[in-house]
Amino acid sequence: MAATKTTTRSKTKTGSKTTRKTARAAAKPADAIKLLKDDHKEVKTWFTQYEKLEDDAEKQELANKICLALTVHTQIEEEIFYPAAREGIDDDDLLDEAEVEHASAKQLIAEIQAMQAGDPLYDAKVTVLGEYVNHHVEEEEKEMFPECRDSDLDLKALGEQLAARKAELMASAA
């Protein structure tokens, strides 16, 4: 029996881990709801990590990451998902409330980005942003997403649009 020789090829990775992950997601997009839920899960994890940090530099880095992710997420929802949902479901009140929640989150994000970790109220603002996001995520996942699943929306096509726009926004932010 001849011995088989295995060779390992080293692939050179280009771009940041987030950029590569986003590119992979764009290459094989999930449906819109899965993509949005994955974003929710990721940012919730980061808020939990933030609570455990004590070093200001680490807090600053993670808060920046959270703010970027939320900025991109809200933008793709507002540009692509919400308009489609307005057409596909009959719940304007729910969508109106989601947009108002986005406005509040964007205001806090702007305040956080104008500050430095260690400034008075910095941690409080990040914490409150996390609370807003948790509330918003719960409403989307328990109310809006089930209505969208039950509708005639083409969630695969929407997922492709969301993934492509997300990749574009992340690349321009890098």
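The values are calculated or read from the model by the stated rules, or taken from the named source; none is laboratory data. Source: prediction; values computed, not measured. Every residue, glycine as well, gets a Cβ built from its backbone with ideal geometry; the counts of neighbours run over all protein chains shown.
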**Message:** Condition first: surrounded by fewer than 19 Cβ atoms within 10 Å (Cβ to Cβ) and of a type in the set (D, E, K, R). Now tell me which residues in region 128-145 satisfy that.
**Reply:** E131, E138, E139, E141, K142, E143
**Asked** From the set of residues in region 83-112 that are farther than 21 Å from D150 by Cβ and among the acidic types (D, E), which is surrounded by the fewest Cβ atoms within 10 Å (Cβ to Cβ)?
**Response** E99
**Request:** Pick out the one residue from R24, R9, R20 that is assigned to a loop (DSSP other than H, G, I, E, B) and modelled with pLDDT under 95.
**Result:** R9
**Prompt:** Taking region 116-127 as the search range and keeping residues that are in contact with a helix residue (DSSP H, G or I) (Cβ under 7 Å, 6 or more places away or on another chain) and surrounded by fewer than 16 Cβ atoms within 10 Å (Cβ to Cβ), which one is nearest to A69 (Cα to Cα)?
**Reply:** Q116
**Fill in**
(1) at pLDDT 95 or above; (2) within 30 Å of A57 (Cα to Cα) all hold for A173 apart from (1)
**Complete:** Note: among S172, S104, just one is of a type in the set (S, T, Y), free of Cβ contacts under 8 Å to residues at least 24 places away in the same chain and assigned to a helix (DSSP H, G or I), namely S172
**Item:** Top-ranked residue in region 148-169 [being in a helix (DSSP H, G or I) and without any contact (Cβ under 8 Å) to a residue 60 or more places away in the chain; ranked as farthest from Y82 (Cα to Cα)]
**Value:** E168
